[in-house]
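I have placed the structure first, in the form of structure tokens, so that the comments after it can refer back to it.
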Amino acid sequence: MKGVYTYLSLVSLLLLLACSDRDPQPIEDSTLYLRNKGADMPIWVKGDRQSNKIILYVHGGPGDCAMCYRYYLKGLETEAMVAYWDQRVAGASSGKVEESTLRYAQFSEDMGFVVKLLKKQYPNAEIYLLAHSFGVELSWQYLTSGNNQQEVAGLMVVNGMYSFANWLMSVHDWALREAQRQKNTEAEKYLRDHPVTLENAATIEWEPIYRWMYKLGGNPVSLYDDGKYVINYAFNSPNTALAQFTHSKAYSYYGNVESRQFEKGPLLRDIRIPVALFWGVKDGIVPVAVGEATKQVLTNAPVTEVRFSESWHEPFITETAKFTQAVLDFVR
């Protein structure tokens, strides 16, 4: 009997040694916290810590979450670390946050501290921003402030704007084309009666235009149509439904004033880091025309483009494998 145990022990040892040659890279799984101006913001770091590359996911919203999208972004962790940061008044962030801090300049300051925190924790790692929707606005704010673009190795723009006026004109044009194509005379009449120009973009009532875009199919994808996602969100996410669906109420000033003044076009000529433009071409929320305009103003940056022909506003949901590959190709 003793001989059998010895034999089994030797077999087990050999199997362990054999497996060790094929072990994946050590996986990082840590949580950092940033406290700034009343906000306590978590940053979850996941993935391959020997890659010396960090993808900082800058989520959309405003008031969305980072870790709830890990369900779709987890494939990135095989070749890089992914830092999932919940912005102030978003996701699982907490604290006593004054509404007056919900401004682009404050988000830029927060992002700067997040980058510094990651650099302190991982001094040899390059940081790449993966920004989606509202997160793109925050990234442009950060990168056009001071010398901040020297702190990161590149930016990936996913269906996000650089200019409110350009964005609203693009949404209006998209909706008008769809109204004509779908022969929706009510929508077409409203949109023709309410044109958007550079002169009126800051004052025109934009919500009805936005609603028509949605009714015309601007983004028919719902996260909650995926049962596995819902289960993951409910049982494997640090966010609570109560927090998630009440965050947006804090952004009245942003929607009515702050976002209407957003214009970074003239400053994007100073961007010199690599930029990737990832776009769901069916999107009505931030149409592909915005991506084309973005490329035109990035006159001094190396720009790559990937189009997702079967996607709307969130290509990482509808074309997950292709999106994962595009991101990893960029950070390589």
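List of remarks:
- Rounded to the nearest 20 debye, the dipole magnitude of the chain is 380 debye, with +1 charges on Lys and Arg beta carbons, -1 on Asp and Glu beta carbons, and the Cα centre as origin.
- Amide proton proximity set for L34, modelled H, under 5 Å, gap of 5+: M41, I43
- Selection from V275, V286, G255 lying farthest towards where the dipole of the chain points positive, charges on Cβ: V275
- Looking at the range 244-319, the GluC sites (Glu not before Pro) that sit in a DSSP loop and have at most 15 other Cβ atoms within 10 Å of their own Cβ are E310.
- Between amide H atoms placed 1.01 Å from N, distances below 5 Å from M156 occur with L129, L130, A131, A276, all of them 5 or more places distant or on a separate chain.
- Beta bridges per DSSP with both ends in the chain, % antiparallel, nearest 5: 40 percent
- Sequence-distant contacts, meaning Cα pairs under 8 Å at least 6 residues apart, place the relative contact order of the chain at 18 percent.
- Sequence-distant lysines (8 or more away, or on other chains) whose Cα lies within less than 25 Å of K282: K74, K183, K189, K215, K228, K264, K295, K322
- With each label modelled as a point 7 angstrom along the Cα→C-beta vector, the N232-K96 pair spans 3.7 nm.
- For Rg/Rh (Cα atoms, Kirkwood Rh), computed directly from the structure shown, the correct entry in [x] 1.01; [y] 1.04; [z] 0.96 is [y].
- Each Cα pair under 8 Å and six or more residues apart adds its separation to the average, and for the range 197-332 the resulting relative contact order is 25 percent.
- Nonlocal amide H pairs with N184, under 5 Å, H built at 1.01 Å: none
- Scanning the chain for DSSP H helices at least 15 Å long along the axis (C-alpha atoms) with a Kyte-Doolittle mean no lower than 0.0 picks out 2-20, 320-331.
- If a spin label sat at a point 7 angstrom from the Cα of D225 along the line to its beta carbon, the backbone N atoms of the range 276-311 nearer than 17 Å would be those of 280-285, 309-311.
- Net charge dipole, the range 20-134: roughly 260 debye, given to the nearest 20, about the Cα centre with Cβ charges of +1 for Lys and Arg and -1 for Asp and Glu.
- Divide the volume of the convex hull around the Cα atoms of the range 82-150 by the residue count and you get 101 Å³ per residue.
- Part-to-part distance (alpha-carbon centres) for the range 84-107 and the range 200-221, which is given in Å: 26 Å
A short reminder: the numbers here are calculations on the coordinates, not readings from a lab. The structure displayed is predicted, hence computed values, not measured ones. Using ideal geometry, Cβ is built from the backbone for each residue, glycine included, and neighbour counts are taken over all protein chains shown.
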